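In what follows, a structure is listed as structure tokens, so that the remarks can point back to it.
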Amino acid sequence: MQDPFKNRALSLSGPASDILPVTPSDTADLPEVAAALFIQTAGALTVTTVRGHVRTLSVPEMSILPVGVRRVHASGTTADGIHALLV
């Protein structure tokens, strides 16, 4: 099978190279900074951005949040089925 990523530089404007299920935590950062989040079930989402700011927002189901995220907090998060999109 051909690998379309073989000779391609990874980019924030291109497709993610991997997707990682997220378990919200108030104490642990994600294993890698997410370039974006995919959310399956609507609700509130509390994150720490790559700039270090804690933000809480409402997200609809089946949405993509295109912001760099270090941590998805358990406190304040009711959304479910959260996945980190990695570059």
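Bear in mind that the values in this text are calculations on the coordinates, not laboratory data. The model shown is predicted, which means the values in this text are computed figures rather than measured ones. Neighbour counts run over all protein chains shown; Cβ positions are idealised from the backbone, glycine included.
Annotations for the structure displayed:
- Considering only Ile64, Val87, Pro24, the residue lying farthest towards the positive end of the dipole of the chain is Val87, judged by Cα position with unit charges set on Cβ.
- Region 28-37 - phi-based ³J(HN,Hα) in whole Hz, Karplus 6.51/-1.76/1.60, Gly and Pro as x: 10, 6, 5, x, 9, 5, 7, 6, 6, 10
- In plain terms, if you count all Cα to Cα distances in the chain and split them into 5 Å steps from zero, the share in each step is 3, 15, 26, 24, 15, 8, 5, 3, 1 percent.
- Positive dipole terminus of the chain, leading residue within Val54, Ile39, Thr77 (C-beta point charges): Val54
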